[in-house]
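Here the structure is laid out as structure tokens; the discussion comes afterwards.
The values are calculated or read from the model by the stated rules, or taken from the named source; none is laboratory data. Computed from a prediction, not measured in an experiment: that's the story for all the values here. Positions of Cβ are backbone-derived with ideal geometry, glycine not excepted, and every protein chain shown enters the neighbour counts.
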Amino acid sequence: MEIASCPVDTNVLLRWVQPVDIEYSAAKLAVKHLESAGCDLYYTSQIFAEFCNLLTRPSRNNGYGLTPTQAQERAIEIEAAIRILPDHPAIHRESRRILVIHNISGVQVHDARLAAAMRIHGVKHILTFNTRDFARFPDLQAIHPANNP
């Protein structure tokens, strides 16, 4: 399967910069494989915010418990390796449309906004450990890192 461009979801980025994570190897290998195949890898400002949130959230609250300085070091690593898909007012409008069409609420709102950004930027694939979160969007394909994209 040829993938021209692909956002890297928060759950993959977290594992990619945390060698102690059990899924580190799968994340690292998937990113490397996509890069070597010429795929342009991206993150969004939303993915970046979620990434920093989870890195600095206490481990007792399902975070990594890093200091802001440690999180910044990992953020620099991400920013050096992949590019940002810029925000645009059209993403907001598309996100609102998707929420209504697919009857989305709660935490799924975050995935809907990411789907909207992908549509606005013409991106069809996303690298994520949570492939089911994107199943409701038939025009988008979620790729699990373990599937050697």
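Odds and ends about this structure:
- Being within 20 Å of residue 12 (Cα to Cα) and in contact with an Asp or Glu (Cβ under 7 Å, 6 or more places away or on another chain) holds for only one residue in 127, 55, 140, 114, and it is 127.
- Residues in the stretch 90-126 that are free of Cβ contacts under 8 Å to residues at least 60 places away in the same chain, closer than 15 Å to residue 50 by Cβ and of a type in the set (D, E, K, R): 111 only.
- When we screen 57, 15 for residues that are of a type outside the set (A, V, I, L, M, F, W, C) and over 15 Å from residue 146 (Cβ atoms), the only hit is 57.
- Among the residues of the stretch 90-133, those identified as assigned to a helix (DSSP H, G or I), surrounded by fewer than 20 Cβ atoms within 10 Å (Cβ to Cβ) and among the polar types (S, T, N, Q) are 108, 131.
- Condition check for residue 88: closer than 16 Å to residue 142 by Cβ and either of a type in the set (S, T, N, Q) or at pLDDT below 95 (or both): no
- Subset of the stretch 5-36 [assigned to a loop (DSSP other than H, G, I, E, B) and either of a type in the set (Phe, Trp, Tyr) or in contact (Cβ under 8 Å) with a residue 40 or more places away in the chain (or both)]: 9, 17, 18, 23
- Failed criterion for residue 49 (all others in (1) modelled with pLDDT under 95; (2) closer than 21 Å to residue 17 by Cβ; (3) surrounded by 14 or more Cβ atoms within 10 Å (Cβ to Cβ); (4) under 14 Å from the mean Cα position of the chain (by Cα) hold): (3)
- Entry remark, the stretch 38-89: residues being among the β-branched types (Val, Ile, Thr), part of a loop (DSSP other than H, G, I, E, B) and touching a residue at least 60 places away in the same chain (Cβ under 8 Å) number 2 in total.
- Search result, residues across the stretch 106-143 that are more than 19 Å from residue 86 (Cβ to Cβ), touching a helix residue (DSSP H, G or I) at 6+ places or on another chain (Cβ under 6 Å) and of a type in the set (D, E, K, R): 111, 133
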